[in-house]
Structures are given as structure tokens and as C-alpha cells.
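The values are calculated or read from the model by the stated rules, or taken from the named source; none is laboratory data. All values derive from a computational prediction rather than experimental measurement. Cβ placement follows ideal geometry from the backbone for every residue including glycine, while neighbour counts extend to all protein chains displayed. Calculation scope for accessible area: heavy atoms of the full protein, side chains included, ligands and nucleic acids excluded. Shrake-Rupley method; radii C 1.70, N 1.55, O 1.52, S 1.80 Å.
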Amino acid sequence: MTTSEETLEQSTSDASLARSLARSKEIDEAIDQDPTRFRVLTGDRPTGRLHLGHYFGTLRNRVLLQERGVDTWVLVADYQVITDRDAVGPIQERVLGLVTDYLAVGLDPEKTTIFNHSSIPALNQLMLPFLSLVTEAELHRNPTVKAELEATDGRAMTGLMLTYPVHQACDILFCKANIVPVGQDQLPHIEQTRLIAQRFDKRYGRVDPKRAVFPRPDALLSETPLLLGTDGTKMSKSRGNTIELAMTADETAKILKRAKTDSDRHITFDPENRPEVANLLTLASLATGEDPVAIAERIGDGGGGALKATVTEALNDMLAPIRARRAELAADPGYLLSILRQGNEKANERAEKTLNEVREAMHMVY
Ligand code: TRP
């Protein structure tokens, strides 16, 4: 790639980010006007336990959307687990673990549909017509797929990895969701989904002449600042620098005791020059709602020790009711399974309805 192409690509993506941010703001206002116009679809891969990055980045926001009256669908993306690993791992435990976390943070199964990929055949069947609408070159250009390919270090990439953005389009479109809360890194997937919706309309047509079969969904970008792990590097389970919702208060304190700070005892909120200290202040601020600058001023010359004590207390106070509820729920796997089955029943109904429209649009009703 030449430099001017790189610059062009960069400025295009800056422009599209700015557009997505502006659009997210519009959507947020439109939700206040009339929440019933919207359906949200979001989900997680059941590959491990959810941590504070998930909580502040998306889980908390899902509960808010639910409370604002938006029809909310949450997917346990079990088929996405096998995009990049050889086996399913302790999948039962992880799927139920996600359901536990969802309910513990306040998702209400009466308002929010919780379901999983492998239980919804008609969702997965959308993959065939949708794959006909994308080119192989387009799939290779997807930034996430590209990054995965580079990270495989010469190991073969599976066909499922190459095509998973299309599967994500199935997740979003089967229930005709029109908003998808995501981080910036997922924006290309939403664009791919919009393209599929648009191309389906153009190539296969409509059932109702006035309305396309699929809506063109928008991303709803999170306003949460990027959170780092407690060592100041990218949050990741393997680095042991995250606080999981399921941890105890003591485990939380222990991880924060090891957190990285710096040698300046006077605590200030300075993300540019003191990223580790600022990250801890941000965590405390997200937990209490207090301004990070005010928290820093209160700690003053207390140093790293006082900062860590403040963060530990803020997080443990916030997490205490979630953890108590989590423990209660975890003791009743039968209940968790019943919630998932109830969601799957609803998702199957929706998926079959959509697949029937697809068959009709494609003249494949026999
Ligand atoms: N890829 C998402 C993750 O890693 C999970 C996911 C699957 C998803 N399908 C989706 C998110 C559709 C939003 C929309 O957590």
C-alpha cells in the first residue's frame, strides 16, 4: 500500500468514525422520543468469564437500554467459540456462566430475550443466502479477520473464521435488530451487515413492496473510555489483569494491590502522562459516578496505596449486590437453563418468521 493510500484509508476511517459517533448520538435521542421503534441485538462469545471491561463497556448499557423500553436481545454466541479453537472447551459451564452474569447485572428475562446460536436453526440457515451476497475478497479485507489471520502465525484459518462477520449479520438480521451496541473495532461488521441487508433487497427483492425484508442496522457506540488492565496493558484474562464479576471482594483487593501506579505520591488525573493512575481513577469514577479529577483531589498526597484502597472500595461496593445475586443464581442451574430455553423459544419463532420471508422473497416456497 502506498503512503497516500494509507492516509486515504486512515482519513476515511476517521470520517466514518465521526459519522458513527454523530449517528449514535441521534439514535440515543430518538430512543428517548420513542423506544418502541428500536430493537437491540448484542452478544458475547462464551469463552470465559465476563469482567469489568465488559461491564462498563457494554453490560451496564444493555440494562439501561432495557430499562428505557427498547426491545433487547442478547445472544450467547456459542458457534463463534469454534472460529479459532480446536474444541468447544467447557461450553455448558461457560454458556450458563454468561446467563448468570446477565441476570446478575440486571437483565430481566421478562424484557430481554437471552438465547444462543446453536439452538436457533433458522438463524443459522440465513448464512447460505447471505454468503451469496459477499465476495471472498471482501471477507479477506475485513480488519478483524485480517488481524486474526496475521495472529495465526502461519496456522491455517478456518472457513468459519473467514465467514464469521456474515454469521454476525445473521445474528443481527434474523430478529431485524436496528441497533447494535458495539465498540469501535466492530464497526466493519456492522457495515458488512448493512451491505448484506441492502444487497438482499436489490438482488432477491421484497415480500412487502413498500419495505425491504431487512432493516439496515446502526452501530450504537459506547461512550465508555477505553479501560486498561490493572497493569496498564490491554485487559486480558491471560495477563491476570482483569477483575471478573464472579471474583470475591478479597480476590479483587489482591489484584488491585498488585496494580501498577507510578512513583509520584501526589495523585492527579492525567491520562496522557500517567495512564496507569488515570486508569485506576477511571475505574473508581465509573463505579461511583464521581468525577475522576475530584477523586484524585480527595486522595491528594496519599499515593498509590490510598488510590488502590479507594478503587477497591468503590468496585467492591458496586459489585457486592451483583455478586450476591450471582451466587444465588449459580446455585440453581435448572433455573438458568429454563431462562435460556424460554429465550430460545422466542428466538426460534422470530427466526422462522424471518426465514419464511426470505424464502418468499427468493421464490423458494414449495
Ligand atoms: N463478536 C462478539 C464478541 O466477541 C459477539 C457477537 C456475536 C456479537 N454475534 C454478534 C456482537 C452480533 C454483536 C452483534 O463478543
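Details
- Rounded accessible area per residue of the chain, 1.4 Å, Å²: 51
- Stretch gain in nm, segment Ala327-Thr144, where the contour uses 0.36 nm per residue and the Cα spacing is subtracted: 62.4 nm
- Amide hydrogen neighbours beyond the local backbone of Leu220, cut-off 5 Å, H modeled: Val180, Val182
- For the pair Asp185 and Thr47, the difference between a 0.36 nm per residue extended length and the Cα-Cα distance amounts to 47.8 nm.
- Selection of trypsin sites (Lys or Arg not before Pro), segment 158-221, meeting DSSP coil and at most 11 other Cβ within 10 Å: Lys210
- Span from the segment 107-160 Cα centroid across to the segment 312-366 one, whole angstrom: 19
- Taking amide H positions as modeled 1.01 Å from N, with prolines and chain starts lacking one, the residues under 5 Å from Asp71 and 5 or more places away or on another chain are Phe38, Val40.
- Qualifying trypsin sites (Lys or Arg not before Pro) in segment 259-366, DSSP loop, other Cβ atoms within 10 Å at most 15: Arg265
- Per atom type, the chain shows carbon and sulfur on 52% of its accessible surface, probed at 1.4 Å.
- Mean separation of Cα contacts under 8 Å (6+ apart) over length of the chain, as relative contact order %: 21
- Total formal charge among the other residues, if their Cβ is under 13 angstrom from that of Lys111, Lys/Arg +1 and Asp/Glu -1: 0
- Modelled FRET efficiency - R0 35 Å, Lys234 with Glu297, Cβ distances, 0.05 increments: 0.75
- For the chain, the Cβ-based charge dipole about the Cα centre amounts to some 840 debye (Lys, Arg positive; Asp, Glu negative; other atoms uncharged).
- Once the Cβ-Cβ distance of Glu67 and Lys254 is raised to the sixth power relative to R0 = 35 Å, the FRET efficiency obtained is 0.55.
- Potential extension, Gln92-Leu195 segment - 0.36 nm per residue separation minus Cα distance: 33.7 nm
- Beta bridges per DSSP, both residues in the chain: antiparallel share near 15 percent.
- Radius of gyration over Kirkwood radius for the chain, both on Cα atoms: the Rg/Rh ratio is 0.98.
- Cross-link partners of Lys234 among lysines (Cα-Cα below 16 Å; sequence separation of 8 or more within a chain): Lys260
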